[in-house]
Amino acid sequence: METVKDREIEEKINEENNVKNINVENKKTDKIIKELKEFLKNNIIFFIGTFLLVYKGLLLNYSIGLEIGKNVILYTILVSFLLLVPIINNKNKFSYIYFNIIYFIITLIIFADFVYYSYSTNFLSFYQIVNLQYSKEIASGFQSIINIKSILIFWIDNIFIIGLSILAYKKFGNTHYKNRIIKIILIVTIILLNILLVKTKINWIYTDKGYNKSLIIQEASVYYYHFEDAKDYFSSLTKKEEIDESRLREIYSSYIENKEDKTKYTGIAKDKNVIILQLESLNEYVIGKKVNGKEITPNLNKFFNENIYCSNMYNQGLGTTADSEFEMENSMYPLENGYVFQKYYNNKWQDIYTTLKEEGYYTSFMHPNTSTFWNREEVYNTGYKIDEYNDISSFPNLEHAGEFYSDEGFFKEAVNIMNNYEGKFCTTLVSVTTHIPFYLEGVSNLEDKVTITKEDVKNFEDETYRNYLISCNFVDYAFGQFLNELEKTGLSENSILIVYGDHGAGLSCVNDIKKLYEENEIEYTDFENSTKEVHIPFGMRIPGINNNILIERSVSKIDIKPTILDLLGINDKFSIGKSIFTSKDYSFVKGLGFITSDYYCINDIFYNRKNLKQIEANEELTNLFKQMEDEIYLSDMIIKNDLLK
């Protein structure tokens, strides 16, 4: 029988055991806390480094006004973890040096992205390595972008971090966390998360959404964009993309073989000359606008109002002047910035010049720049095999306009050259004055040629934007003189004249653009903002059509070539685009989306163009999206595999 004393002994033993258990648990807890403190202490560079890399990655989105997707912070953290894997569990000299090197490289890439995007509304790519040979010409446009403010925003933290790293190393010296198991677990986890989450997201963008630079940066971080870009580029050097022949046949039969090829204007300009004028960096939004009560482009306004004007023409990509030329000449979609002209210039093409030469036309090209820029000499002489190529050496007496040349003198000398041609001809003139940074120093008697003065644009905040508006006004003056010269020589009576902008000006000063719209009592909507760099002016004067025609349907730059051949009554052997005089009402913009009169799709989100509200994709929109992917695939495969030979 248990006595009171026995119970007391038992309780005492239990109490002692409980104390021991508590002590054991406390020791375990203390050990975990100690381990955790030691882990955090020795990984302080890793965690602070991750924070800084996330900040730097998102800084790009913020600086260029690119939306930050709901998951992009998570993905940026994961890829930052991956970049810093070598310094996990280390706080030593190597860790400080490694992080500062990585952070310097990242800052350099992000800053280069910012500068290039501000210059061209596009992101840097390995495909543009070939363009380094034009660094002098391209750099001339950077001086208005690279300033004290941008340098401080992107680089000032690097200086502080180097200083803090030196101080921290001197104070704490070398430490190393010895638990290798935790390090291995962390590294494996980081790699798996990057593969399972971020790589899955990238594949989704590629397969379901089509390759879209902005969307990758917006949804999966700028770091993964550059990783995928490098992978694609080096893969392209070693192997050709496989061709899905059945898909190509289906696309060709669906969109190319059976398209409309006759319009009410077919053959109306048979045997007429063709003069194509491509104007540098001319946004559609300056057409018809006034500053301080004065028209920015009075001569262009008059030309478009009296002839044929397409108010909804769009480029087929966020590309360069070379890409614009390629789209117009071949009725195909461009590759990466200027890449077709660099790598595939020797392909067999069904371009506008080749087609017209077969019909007895004399073909030429004129541009007041060096022949090597964008590899034009090879493109036009070896690729297209035109009859006459004119670079800056053909125009030795031109005045300078800042870093470039005056279009006024170029246009006048171009008319003199054309006036000496015998028989029918097709020539393309590519202007240059309205090129960033839009300086006009060197133009004689400038005050007598521009109607927009510095006083008129003083209310706009951005200096480059003020220069742009004045530059557009000067080029409009030059265009008016060009029309006068065509009239004097009689060329205007016997020539189709086509005028369009090559691409937007690449200016991100949205507040100033809004101010221009407000001054003209027009609303600046999200649609205008999303499409401003691809929305270009396009007009044409055709002998035999004396009335003004306004085409408000959505059309494309790849429609120019088939339109010319339609007017001349010449068979078009291959074009992806259609004549603007057909019923076509859509424009596909590679890397952005598509636009119709009623709807538009930007980064794979569909909107009603009338009220700008987001909508669900109906059958019509789904079919258009598929057609866009198919046409781009067809164009890419033809270019990369020389399928027109």
Item to complete: Check every one of the helices (runs of 4 or more DSSP H) wholly within region 277-352 and list those with 2 or more residues that are at pLDDT below 90 and either closer than 24 Å to L497 by Cβ or in contact with an Asp or Glu (Cβ under 7 Å, 6 or more places away or on another chain) (or both).
Response: 321-330
Worksheet item: Within region 237-265, which residues are of a type in the set (S, T, N, Q) and within 28 Å of V430 (Cβ to Cβ)?
Response: T263
Response to the item:
Within region 552-583, residues open to solvent by 10 Å² or more (accessible area, probe 1.4 Å) and touching a strand residue (DSSP E or B) at 6+ places or on another chain (Cβ under 9 Å) come out as E552, R553, K578, F581
Practice prompt. Identify the residue in region 86-130 that is touching a Gly at 6+ places or on another chain (Cβ under 6 Å) and either among the aromatic types (F, W, Y) or in a helix (DSSP H, G or I) (or both) and, among all such residues, is modelled with the highest pLDDT.
Written response: F99
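In this structure, does S331 turn out to be surrounded by 18 or more Cβ atoms within 10 Å (Cβ to Cβ), at positive phi and in contact with a His (Cβ under 9 Å, 6 or more places away or on another chain)?
no
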Worksheet, complete the sentence: Of the residues in region 459-482, those that are open to solvent by less than 30 Å² (accessible area, probe 1.4 Å) and within 30 Å of Y361 (Cβ to Cβ) come to V475, D476, A478, F479, G480, F482
Discussion item. Please determine whether any residue of region 478-498 is touching a strand residue (DSSP E or B) at 6+ places or on another chain (Cβ under 6 Å), under 27 Å from I392 (Cβ atoms) and among the polar types (S, T, N, Q).
Written reply: yes
Item to complete: For residues that are farther than 15 Å from L282 by Cα and out of contact with any strand residue (DSSP E or B) (no Cβ under 8 Å at 6 or more places or on another chain), tally how many sit in region 527-544.
Response: 2
Discussion item. With the requirement that a residue be among the aliphatic types (A, V, I, L, M), out of contact with any helix residue (DSSP H, G or I) (no Cβ under 7 Å at 6 or more places or on another chain) and surrounded by 19 or more Cβ atoms within 10 Å (Cβ to Cβ), what does region 584-620 give you?
Written reply: V589, L592
Worksheet item: Can you spot a residue in region 488-509 that is part of a helix (DSSP H, G or I), open to solvent by 20 Å² or more (accessible area, probe 1.4 Å), among the polar types (S, T, N, Q) and within 13 Å of F460 (Cα to Cα)?
Response: no
Fill in: Residues of region 229-266 that turn out to be modelled with pLDDT of 80 or more, in a helix (DSSP H, G or I) and surrounded by fewer than 11 Cβ atoms within 10 Å (Cβ to Cβ), as a count
3
Item to complete: Would you be able to say whether some residue in region 377-386 is basic (K, R), open to solvent by 50 Å² or more (accessible area, probe 1.4 Å), free of Cβ contacts under 8 Å to residues at least 40 places away in the same chain and touching a strand residue (DSSP E or B) at 6+ places or on another chain (Cβ under 8 Å)?
Response: no
Worksheet item: Where in region 549-645 are there strands (runs of 3 or more DSSP E), lying fully within it, with 3 or more residues that are under 30 Å from K302 (Cα atoms) and over 25 Å from the mean Cα position of the chain (by Cα)?
Response: 549-551
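The values are calculated or read from the model by the stated rules, or taken from the named source; none is laboratory data. Fair warning: this is a prediction, and the values are worked out from it, not measured in the lab. Positions of Cβ are generated from backbone atoms using ideal geometry, with glycine treated the same way; all protein chains shown enter the neighbour counts. These area figures cover heavy atoms from the full protein model, side chains too; ligands, DNA and RNA do not enter into them. Shrake-Rupley method; radii C 1.70, N 1.55, O 1.52, S 1.80 Å.
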